[in-house]
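This report refers to the structure that appears directly beneath it.
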């Protein structure tokens, strides 16, 4: 199965396991640009991480997109509406260079990986999602987590609560109030350390933002019909 939206993406490069050097070079170029503009979010070790999240994979393609290049301020407004909050700070400008990974098994596209930056209590969080072709979460993890509750939130039991959820589920979750109306699967996600509610809510906001961006840039917006905004 091929991604019908591939031609719309700004640019990309295909990698096979063992091509870490080339990817690192591309990452350095992107990272240098980020110093003068916005801050993106790349996998620390794509070869390792892709294989861990998609054991069946044989390769992947790295795609670089941004709201500025795809639709500018008009698109930013639509994405903010779907998120239910305004973008703010260095991590959420329209020119943030999002790095998205298409995962392949042979010639077949089998899923996606994408991570986003999010402000936490004491610093930044990086929430990565592994998604199937329908945008359903099959893997959740923190690549970066600056929090005194990091051990609790990194516990696999916490991340497992996100599995099987999609943007359809997260649309009912208000990232500003931290409430889901009506209560549903997002409300059933338990905070591993109630003393750090802000970091918990930051993780949920990052997840919803991640899902909105993947829907917009990779999936062709199949979940837009569930948006009630």
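Somewhere in the stretch 191-213, is a residue part of a loop (DSSP other than H, G, I, E, B), under 26 Å from residue 76 (Cβ atoms) and touching a helix residue (DSSP H, G or I) at 6+ places or on another chain (Cβ under 8 Å)?
No.
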- Message: Being touching a residue at least 40 places away in the same chain (Cβ under 8 Å), in a loop (DSSP other than H, G, I, E, B) and more than 15 Å from residue 161 (Cβ to Cβ): is that true of residue 222 here?
- Response: yes
The residue that is farthest from residue 217 (Cα to Cα), considering only those in the stretch 81-93 that are buried (at least 18 other Cβ atoms within 10 Å of the Cβ) and touching a helix residue (DSSP H, G or I) at 6+ places or on another chain (Cβ under 9 Å), is 84
Considering the stretch 59-78, residues that are in contact (Cβ under 8 Å) with a residue 40 or more places away in the chain and buried (at least 21 other Cβ atoms within 10 Å of the Cβ), and then whichever is nearest to residue 202 (Cα to Cα), we arrive at 65
ask   = Does residue 205 qualify as being on the phi < 0 side of the Ramachandran plot, in contact with a strand residue (DSSP E or B) (Cβ under 7 Å, 6 or more places away or on another chain) and at pLDDT 95 or above?
value = yes
Taking the stretch 37-82 and keeping only residues that are assigned to a strand (DSSP E or B) and more than 15 Å from the chain's Cα centre (by Cα), one is left with 59, 60, 61
Checked the stretch 83-100 for anything in contact with a strand residue (DSSP E or B) (Cβ under 8 Å, 6 or more places away or on another chain), part of a loop (DSSP other than H, G, I, E, B) and touching a residue at least 60 places away in the same chain (Cβ under 8 Å); matches are 84, 97
When the stretch 208-222 is checked residue by residue, the ones that are farther than 14 Å from residue 137 by Cα and out of contact with any strand residue (DSSP E or B) (no Cβ under 8 Å at 6 or more places or on another chain) are 216, 220, 221, 222
Restricting attention to the stretch 103-126, does a residue exist that is touching a strand residue (DSSP E or B) at 6+ places or on another chain (Cβ under 9 Å), in a helix (DSSP H, G or I) and surrounded by fewer than 18 Cβ atoms within 10 Å (Cβ to Cβ)?
-> no
Every listed condition ((1) assigned to a strand (DSSP E or B); (2) buried (at least 19 other Cβ atoms within 10 Å of the Cβ); (3) under 17 Å from the mean Cα position of the chain (by Cα)) holds for residue 135 save (1)
The correct count of residues that are crowded, with 20+ Cβ neighbours inside 10 Å and farther than 15 Å from residue 180 by Cβ in the stretch 193-229 is 15
Given the conditions (1) modelled with pLDDT of 95 or more; (2) touching a strand residue (DSSP E or B) at 6+ places or on another chain (Cβ under 9 Å); (3) surrounded by fewer than 17 Cβ atoms within 10 Å (Cβ to Cβ); (4) under 30 Å from residue 51 (Cβ atoms), every one holds for residue 146 apart from (1)
In the stretch 168-183, anything in contact with a helix residue (DSSP H, G or I) (Cβ under 7 Å, 6 or more places away or on another chain) and either more than 20 Å from residue 214 (Cβ to Cβ) or in a helix (DSSP H, G or I) (or both) is listed as 168, 170, 178
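The values are calculated or read from the model by the stated rules, or taken from the named source; none is laboratory data. The model shown is predicted, which means the values in this text are computed figures rather than measured ones. For neighbour counting, all protein chains shown are included, and Cβ atoms are generated from backbone atoms with ideal geometry for every residue, glycine included.
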